[in-house]
Amino acid sequence: MPSKSRRNPRWSRALAPLLLCLAACSSHGEALAKARAFAAKANYYQAYHIVAEARAASPGDPEVEQAYWEYRARHLFEQARRAIYDDDERTALRYLEMVRAIEPGNAGVEIWIDRAKAKLAHDAVQAADIAQGEGDLKGALERYHEALAYVPQMPAALEGVQKVSEVFAARRQKAQEQFLEGMRAQAEQLYPRTDYHMGIALANDPAILEAKERQTLAQRKLAEERLVLARAMEKEGLYPAALREYRAVLEVLVDDKDAKEGIARAERETAAGEIIQKAENHLFRGQHTQARELLEEAYQRTVAERTRVAELLTLAKEREIEQRYTQAKDLELQRRYEDAVAGLKAIEADLPGFKDVRARISELSAAIELAVKAKARGEEAEARGDLKAAIDAYTEALLVYPRYQGLDARVRDLRARLQQ
């Protein structure tokens with residue numbers, strides 16, 4: 001006889017789904033009760049997530065499915081309202097459209113959608129008015145149409161579109177008139193006027209491609225004329241002015257070899273000219289050495305002004321030598337013969353034959369030699385105790401080289417000793 005505790009397998013298989021259903025139904029019932037409790041407190045966020053978990057656990061349950069869509073709609077609607085209060089109407093519209101898809105006939109949703117669209121349309125019109133005031137007609141027209149996309153037949157947007165369209169029409173008319181003036185000027189080869197009129201035409205209607213083509217042609221003609229002018233300025237030595245013209249040419253004729261080479265020449269000569277100007281200022285102030293150094297630098301830079309720089313260099317050197325010659329003569333007057341001879345010899349080395357440099361070197365060198373010999377004789381006599389002979393020798397040295405090495409003081413000292 002079978003045991004009482006053993007169950008019939010067929011009954012076990014039949015009871016299993018029923019038991020699972022009872023457990024699930026009990027669980028879903030609890031979830032729905034919790035969700036309703038949160039919904040009663042207007043906490044649709046919690047209510048929605050509770051039923052969403054219940055739906056995932058038991059897909060296809062009609063009661064759970066109905067609660068899921070109801071609380072999802074309420075949750076999205078709350079999200080939309082918060083977005084509107086945060087002035088984020090675009091996000092609000094996205095949520096509201098999702099609610100509309102869930103509840104197509106919800107009048108409250110339609111009201112909030114209209115409110116969000118009205119706010120977006122109002123903002124678009126304000127932005128369009130600002131753009132129009134700043135001259136951005138294209139941007140203004142786009143924003144007016146954006147407003148109409150939110151609120152069709154919106155009076156302010158329609159009025160804005162009308163005004164902008166009228167301005168566009170007036171500009172197109174002006175562009176055509178200026179284009180015609182430009183064509184007339186071009187026919188007469190009046191290229192500055194052509195450029196001027198075509199520029200106005202394009203400013204009013206950039207879509208006139210022929211105006212751009214004709215303006216480009218006029219600008220090229222003007223650039224060619226400026227190239228000729230730049231060459232003439234360069235030839236006249238007006239290098240800064242030539243440089244400006246060459247650069248203006250290159251802005252239009254971007255690959256023009258003559259303009260590029262002209263810029264290189266003009267930049268080099270302009271830089272050299274600035275150095276020459278500084279050198280001339282030094283010459284004027286008598287700073288001949290500084291002038292010469294600058295002129296030597298300018299000579300290396302310039303090509304066109306080398307003759308002028310060479311002449312200035314000669315002048316600077318002559319003035320520098322003259323200055324050094326005067327300094328040597330001053331040393332002679334101060335009875336500093338050795339220093340004077342050294343200065344004169346340096347002049348002779350730099351500019352042989354300058355004035356009487358050789359004669360003065362010879363004369364001073366002879367005086368120095370005589371003084372040296374006389375001093376030596378005097379020192380020998382003084383060493384022998386022959387004070388009178390020493391005085392005579394020292395006096396001879398002083399005759400040819402006054403104040404030579406303090407001999408005048410020694411002579412006075414020896415004469416005092418003789419009188420004792």
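The values are calculated or read from the model by the stated rules, or taken from the named source; none is laboratory data. Keep in mind that what you see is a predicted model, and the values were worked out from it rather than measured. Because the Cβ atoms are built from the backbone with ideal geometry, glycine has one as well, and the counts that use them run over all protein chains shown.
For this structure, a couple of remarks:
- Meets criteria (surrounded by fewer than 19 Cβ atoms within 10 Å (Cβ to Cβ), more than 39 Å from the chain's Cα centre (by Cα), in a helix (DSSP H, G or I) and not hydroxyl-bearing (Ser, Thr, Tyr)) for residue 172: no
- Verdict on residue 143 being in a helix (DSSP H, G or I) and more than 30 Å from residue 112 (Cα to Cα): no
- Selection from region 387-404 of residues that are touching a helix residue (DSSP H, G or I) at 6+ places or on another chain (Cβ under 7 Å) and within 28 Å of residue 333 (Cβ to Cβ): 391, 393, 394, 395, 396, 397, 398, 400, 401, 404
- No other residue among 207, 266, 218, 211 is at negative phi and exposed (fewer than 15 other Cβ atoms within 10 Å of the Cβ) apart from 207.
- For region 194-210, the count of residues that are at pLDDT below 90, in contact with a Lys or Arg (Cβ under 7 Å, 6 or more places away or on another chain) and hydroxyl-bearing (Ser, Thr, Tyr) is zero.
So that you can scan it fast, the table gives a plain yes or no per residue for (1) of a type in the set (Phe, Trp, Tyr); (2) within 30 Å of residue 216 (Cα to Cα):
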residue: 105; (1), (2): no, no
residue: 135; (1), (2): no, yes
residue: 170; (1), (2): no, yes
residue: 179; (1), (2): yes, yes
residue: 187; (1), (2): no, yes
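- Odd one out for residue 323 among (1) surrounded by 16 or more Cβ atoms within 10 Å (Cβ to Cβ); (2) of a type outside the set (Val, Ile, Thr); (3) touching a Ser or Thr at 6+ places or on another chain (Cβ under 9 Å): (1)
- Pairing residues of region 358-382 that are without any contact (Cβ under 8 Å) to a residue 24 or more places away in the chain with residues that are not in a helix (DSSP H, G or I), at Cβ distances under 8 Å and at least 6 apart in sequence or on separate chains, gives no pairs at all.
- Scanning region 357-371 for residues that are loosely packed, with under 14 Cβ neighbours inside 10 Å and either farther than 25 Å from residue 336 by Cα or hydroxyl-bearing (Ser, Thr, Tyr) (or both) yields a total of 1.
- Residue in region 143-157 that is surrounded by 15 or more Cβ atoms within 10 Å (Cβ to Cβ) and of a type in the set (Val, Ile, Thr) present: yes
- Residue under evaluation residue 395, criteria (1) under 60 Å from the mean Cα position of the chain (by Cα); (2) in a helix (DSSP H, G or I), criterion not met: (1)
- Selected residue (criterion: surrounded by the fewest Cβ atoms within 10 Å (Cβ to Cβ)) from residues of region 372-392 that are among the acidic types (Asp, Glu) and within 15 Å of residue 404 (Cα to Cα): 379
- For region 326-356, the tally of residues that are touching a residue at least 24 places away in the same chain (Cβ under 8 Å), over 22 Å from residue 399 (Cα atoms) and surrounded by 15 or more Cβ atoms within 10 Å (Cβ to Cβ) stands at 3.
- In the set 149, 203, 157, only one residue is among the aliphatic types (A, V, I, L, M), farther than 30 Å from residue 272 by Cβ, in contact with a Phe, Trp or Tyr (Cβ under 8 Å, 6 or more places away or on another chain) and in a helix (DSSP H, G or I); that residue is 157.
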